[in-house]
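Here's the structure we're looking at; comments come further down.
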Amino acid sequence: MLHFGMREHGRAWHNAVPFLVRCMREVPNAATGVSLFVLQYGLQPKGVLFLIKDNWTGMENLPTCKSVSQYLTELKKHLKTTREFAEQHAQKTRKQMLNITMHMRVTKVFK
């Protein structure tokens, strides 16, 4: 998935890495059905919406170097591309797992 992100963003690939890493941690694995973050820490990760809600309610202050509308439009764009990459990766992984399980099946004959 990181490879596709680098290929899509060209020389600005380093700007997409945090979104791709977050996506890889939060998306459930096809084999286990659980995200890597949950497997490692036993907790659900705090998503972007949770952090924005904390900022708006005053629970946590986020650095402000951009206007809110500019930040949210960029965030929406990055999240959309990250979702597309995650869906492509998940489909590819599901197909691989299906192929592996199909090849491992043995027809049993009961007499």
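Just so it is clear, none of the values below were taken in a lab; they were calculated from the coordinates. These numbers come from a predicted model, not from an experiment. Because the Cβ atoms are built from the backbone with ideal geometry, glycine has one as well, and the counts that use them run over all protein chains shown.
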Among Leu79, Pro18, Ala30, whose Cα lies farthest out toward the positive end of the dipole of the chain, if unit charges sit on the beta carbon of Lys, Arg (+1) and Asp, Glu (-1)?
Ala30
For His103, His3, His89, which order do you get if you count the other beta carbons within 10 Å of each Cβ and list the fewest first?
His103, His3, His89
Fewest-first sequence of Leu79, Leu72 by Cβ atoms within 10 Å of each Cβ
Leu72, Leu79
In a Gaussian network model of the chain with springs linking alpha carbons closer than 10 Å, the residue among Met24, Met59, Met97 that fluctuates most is Met59
GNM on the chain, C-alpha springs below 10 Å: top fluctuator among Glu26, Glu87, Glu74?
Glu74
In degrees, nearest 10, the alpha-carbon axis of helix 68-104 is tilted away from the dominant principal axis of the alpha carbons of the chain by 10
Percent of C-alpha pairs per 5 Å bin, the chain, short to long:
2, 10, 15, 17, 17, 14, 9, 5, 4, 3, 2, 1, 1, 0, 0
Based on Cβ point charges of +1 for Lys and Arg and -1 for Asp and Glu, what charge dipole magnitude is obtained for the chain about its Cα centre, in debye rounded to the nearest 20?
580
Trypsin sites (Lys or Arg not before Pro) restricted to DSSP loop in the range 1-95 with at most 14 other C-beta within 10 Å
Lys46, Lys66
Counted charge near Ile100, where neighbours are those whose Cβ lies closer than 15 Å (Asp, Glu -1; Lys, Arg +1)
+4
If you average the C-alpha positions of the range 1-43 and of the range 81-111 separately, how far apart do those two centres end up, in angstrom?
19
